[in-house]
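A short write-up of the structure that comes next.
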Amino acid sequence: MKFNHRFQVSAPSNIAFVKYWGKFHGQLPCNPSLSMTLDSCRSHLKVDVKVDSTLDFQLDFSFEGESHPKFAQRIEKYLKLVASDLSWIYNCQLKLEASNTFPHSAGIASSASAFAALGSALEKIDSLMAKRDFDVKRASSFARVGSGSAARSIVGAYNIWGKLDSLISSDEYASPFANAHRNFNSVADVVCIVDSGAKLISSTDGHASMEGHPFAEARYQQAKNNLLTLITAMQNGNWKTFGAIIEQEALTLHALMMSATEPYILLRPQSLEIIGKIKKFRTETGIDIYFTIDAGPNIHIIYPKGENDEVIEQFIESELTKYCVGPKFIYDQIGTGVRFE
Ligand code: PMV
């Protein structure tokens, strides 16, 4: 069969509230996680695909207008992995022009948005060729093969990824968590950029450090318990319990790094200063403002958008600027997921 198509897709990054840390069989999670889909931190992809049984696989990849052999190699490896489900890949010429809306020196993990865009693009092509509707579960599952957390970036608002007996969730793909209280309808994520450099230890090595980790089993159990508590808090609109859980999750993630067989530290003195300031501001004002942290030194500030926006932004700019570098802050918020243009 012959098939030609050109289109554009963009996908956001996401921030995990219950963290995925540890994986098996390649890219299946050792514990369930829950995240918020972001809005303005996005990867854009221009896709030009030709499929014909006479063609051999060929990839032409560029990032922000330039060739990028390292990314191209990773994508080629990825496409060969998903080709077991998408056999047309063996007979396609694929041109991909990628870019990010957020500065790549911001130290923000872009693999979630990049693979969410690519996984959605592949599902789009497959659905058009098969003349069926776009399937978000398949898009999530293709994204997952590239980067586990990418599975949670297809659909907007909140997503759960990873099996838990008492929930209808899967290790293969993320499912939307649609029952959050209106108190969680509009949520800010302000990223404080403490270090814009590349990560010293990749998240692949971080996940691997959970194999044989002395606290692994206790951690997986804790994540399951935290997920259930978090879900209840979000259903009830309870920011205090929500905040306590997300901060414990963030610090546990970093404690796991520090207690691995080959321990390492990604937090910086500035990260700890910012955490201290957030707690102090919260105690003094009674405002719901909490932090979470990814596998890096940057601090994500999480709060309900609304009446306190101005005083919070003033606090961030006046108290935290001195700990930050480069663009210093990225103001993002809850978003709606993948978009085709
Ligand atoms: O998707 P990966 O392999 O980059 O792993 C992401 C891990 C964390 O960001 C630390 C946690 C998470 O759940 O997103």
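Per-structure values
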item	result
Qualifying residue in region 282-297 (condition: more than 22 Å from the chain's Cα centre (by Cα), part of a loop (DSSP other than H, G, I, E, B) and on the phi > 0 side of the Ramachandran plot)	yes
Sole exception among (1) modelled with pLDDT of 95 or more; (2) within 16 Å of the ligand (Cβ to nearest atom); (3) under 17 Å from residue 292 (Cα atoms); (4) not in a helix (DSSP H, G or I) for residue 253, by number	(4)
Search result, residues across region 285-302 that are among the hydrophobic types (A, V, I, L, M, F, W, C) and either in contact with a Gly (Cβ under 7 Å, 6 or more places away or on another chain) or within 16 Å of the ligand (Cβ to nearest atom) (or both)	291, 293, 295, 299, 302
Yes/no for residue 45 being away from the ligand (no atom under 16 Å from the Cβ), under 30 Å from residue 299 (Cα atoms) and over 15 Å from the mean Cα position of the chain (by Cα)	yes
Tabulated pairs, region 42-71, first touching a residue at least 60 places away in the same chain (Cβ under 8 Å), second in a strand (DSSP E or B) and loosely packed, with under 12 Cβ neighbours inside 10 Å, C-beta under 8 angstrom, 6+ apart or interchain	47/6; 49/4; 49/6; 51/4
Selected residue [touching a residue at least 60 places away in the same chain (Cβ under 8 Å), over 18 Å from residue 36 (Cα atoms) and not charged (D, E, K, R)] from 148, 197, 212, 156	197
Qualifying residue in region 227-246 (condition: at pLDDT 95 or above, touching a Ser or Thr at 6+ places or on another chain (Cβ under 6 Å), within 16 Å of the ligand (Cβ to nearest atom) and closer than 23 Å to residue 147 by Cβ)	yes
Residue check for residue 206: in contact (Cβ under 8 Å) with a residue 60 or more places away in the chain and within 24 Å of residue 27 (Cβ to Cβ)	yes
Residue that is farthest from the ligand (Cβ to nearest atom), among those in region 1-12 that are of a type in the set (A, V, I, L, M, F, W, C) and in contact with a strand residue (DSSP E or B) (Cβ under 6 Å, 6 or more places away or on another chain)	3
Test: residue in region 13-29 that is aromatic (Phe, Trp, Tyr) and away from the ligand (no atom under 16 Å from the Cβ)	no
Test for residue 203: is it within 16 Å of the ligand (Cβ to nearest atom), surrounded by 22 or more Cβ atoms within 10 Å (Cβ to Cβ), hydroxyl-bearing (Ser, Thr, Tyr) and closer than 30 Å to residue 326 by Cβ	no
Options 110, 153: the member that is modelled with pLDDT under 95, within 14 Å of the ligand (Cβ to nearest atom) and buried (at least 17 other Cβ atoms within 10 Å of the Cβ)	110
Leading residue by the ranking (farthest from the chain's Cα centre (by Cα)) among those in region 298-337 that are closer than 25 Å to residue 155 by Cβ and charged (D, E, K, R)	305
In region 125-149, the residues that are more than 25 Å from residue 29 (Cβ to Cβ) and not β-branched (Val, Ile, Thr)	127, 128, 129, 130, 131, 132, 133
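The values are calculated or read from the model by the stated rules, or taken from the named source; none is laboratory data. All values reported here derive from a predicted model rather than from experimental measurement. As a convention, Cβ positions derive from the backbone with ideal geometry for all residues, glycine included, and neighbour counts pool all protein chains shown.
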